[in-house]
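Worksheet: the structure to be examined is printed underneath.
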Amino acid sequence: MKFDRLPVAIVGGGFSGTMVAAQLARKGIDAVLIDGSGRAGQGVAYSTSDAAHVLNIQADVMSAWPEDLEHFRRAVEDEGATGRDFVQRRQFGTYLRGILGEALESGHLRLVEKQATEAEPSEDGWTVQLDNGDRIAARGLVLAIGNQPPEKLPFGGGSARVIDNPWGPEARAAIPALASSGGDVMLLGTGLTMVDAVLSLDAAGHGGRIVALSRRGLIPRGHTEGFAPAPVDAEDIPFGNVRTLWRWLRRRGAEIGWRAAVDGMRPHSHRLWQTLPPEEKRRFARHARPWWDVHRHRIAPEVAAACRA
Ligand SMILES: Cc1cc2nc3c(=O)[nH]c(=O)nc-3n(C[C@H](O)[C@H](O)[C@H](O)COP(=O)(O)OP(=O)(O)OC[C@H]3O[C@@H](n4cnc5c(N)ncnc54)[C@H](O)[C@@H]3O)c2cc1C
């Protein structure tokens with residue numbers, strides 16, 4: 001495909017890269033979407049084929065288009081679900097692939113299924129280097145490289161029994177193998193990816209023991225219905241200091257319930273992070289993040305019940 005002007009290069013074809021590409025295509029701006037993982041249009045979260053993996057929020061609030069908030073709800077209703085359901089993540093993957101398909105059909109987007117290895121400024125914008133040696137000249141560059149694979153573990157060196165990347169093909173292959181051998185499994189970490197692994201093992205019929213190890217023993221909390229949303233004005237939030245903010249949030253949680261207090265922060269998260277000085281960002285990552293994660297990134301009620309069982 002030949003464009004009249006240099007395109008925008010978007011590296012990473014998960015949700016973020018796909019939606020940047022789709023938004024540009026709707027505006028008639030040419031772009032090249034570069035993703036070497038074989039899951040362009042879905043990314044890490046939505047390329048799962050496991051039916052046990054469900055969205056951690058209801059379909060009603062998962063529209064990809066801010067100007068059409070019922071877009072995803074209509075797609076799931078066509079498949080017999082409702083907007084209140086926590087539908088399978090692979091359904092959201094199909095939905096995103098559809099959006100990518102429309103962008104490609106517009107003639108304003110080209111998909112390059114390669115890994116980008118380098119990007120450097122040029123006279124006209126940027127030159128992006130690919131792992132097959134090709135180079136792409138672009139007038140703008142978007143990095144949408146998302147969740148990077150975890151670092152290699154400092155033990156287990158090369159043993160097939162130790163899997164470093166829970167989102168890779170080895171982890172996928174290990175699930176049915178463990179289910180048929182019935183062996184015990186140790187999971188390092190107790191976040192959303194641990195929940196995915198437990199659900200997959202369970203669905204595959206694994207009967208062995210699963211032990212999940214974590215420094216603080218925190219696991220994601222479940223969603224519940226029946227609390228009133230409590231929006232909060234930006235001027236009432238103490239921006240800029242983690243300790244003050246934390247105390248304020250705990251007080252508010254005690255008054256209106258922690259779920260309503262945490263959800264009320266959603267529209268302000270971006271500004272909250274951006275206005276923290278670097279030392280405060282580090283403090284948040286060291287002390288507050290695990291607590292924030294389990295309260296903010298909650299799981300479907302039925303998934304929380306399965307994890308307790
Ligand atoms: C297991 C899991 C479950 C989740 N569930 C939900 C949910 O239910 N609801 C929700 O709102 N959010 C959920 N999330 C959060 C989710 O990750 C984000 O909503 C969103 O999908 C992130 O998209 P992204 O495009 O930023 O990143 P990613 O999905 O990580 O996509 C980045 C892409 O860039 C590619 N890439 C990286 N580097 C390069 C390179 N150098 N060259 C070419 N390509 C490259 C990667 O291979 C990948 O395909 C979940 C996350 C995970 C991990």
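What the table below lists for this structure:
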| read-out | value |
| --- | --- |
| Most fluctuating residue given options SER16, SER159, SER200, as computed from a GNM of the chain linking Cα atoms under 10 Å | SER159 |
| J(HN,Hα) series, region 128-134, from Karplus relation 6.51 cos²θ - 1.76 cosθ + 1.60, nearest Hz, glycine and proline x | 9, 9, 9, 6, 9, x, 5 |
| Rg and Dmax [Cα atoms of region 234-296; Å; Rg one decimal, Dmax integer] | 11.0, 31 |
| Hull volume in cubic angstrom per residue (convex hull over the Cα atoms of the chain) | 180 |
| Region 64-165: mean projected area of Cα convex hull, nm² | 11.2 |
| Region 161-219: radius of gyration over Cα atoms, expressed as a fraction of 2.2 N^0.38 Å | 1.05 |
| Fraction of beta bridges assigned by DSSP in region 21-141 that are antiparallel (%, nearest 5) | 70 |
| Cα Rg, Dmax (largest Cα-Cα span) when computed across region 161-272, Å | 19.4, 57 |
| Within the chain, longest stretch clear of exposed trypsin sites (Lys or Arg not before Pro) (DSSP loop, no more than 12 other Cβ within 10 Å) | 217-309 |
| Neighbour-limited loop hits for chymotrypsin sites (Phe, Trp or Tyr not before Pro), region 42-94 (at most 14 other Cβ within 10 Å; DSSP other than H, G, I, E, B) | none |
| Sparsely packed GluC sites (Glu not before Pro) within region 145-230, loop by DSSP, other Cβ within 10 Å at most 14 | GLU151, GLU225 |
| Of the DSSP H helices in the chain, those whose Cα atoms cover at least 20 Å axially and whose Kyte score averages -0.5 or more | 89-105 |
| Value at 222 nm in deg cm²/dmol, rounded to 500, when DSSP H runs of n ≥ 4 in the chain each add -39,500 (n - 2.57) | -11000 deg cm²/dmol |
| Relative contact order, percent, region 229-309 [alpha-carbon distance under 8 Å, six or more residues apart] | 32 |
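Laboratory data are not the source of any read-out in this text; all were calculated from the coordinates shown. On a predicted model such as this, the values are computed, not experimentally measured, just so you know. Here Cβ is always computed from backbone atoms with ideal geometry, including for glycine, and neighbour counts include all displayed protein chains.
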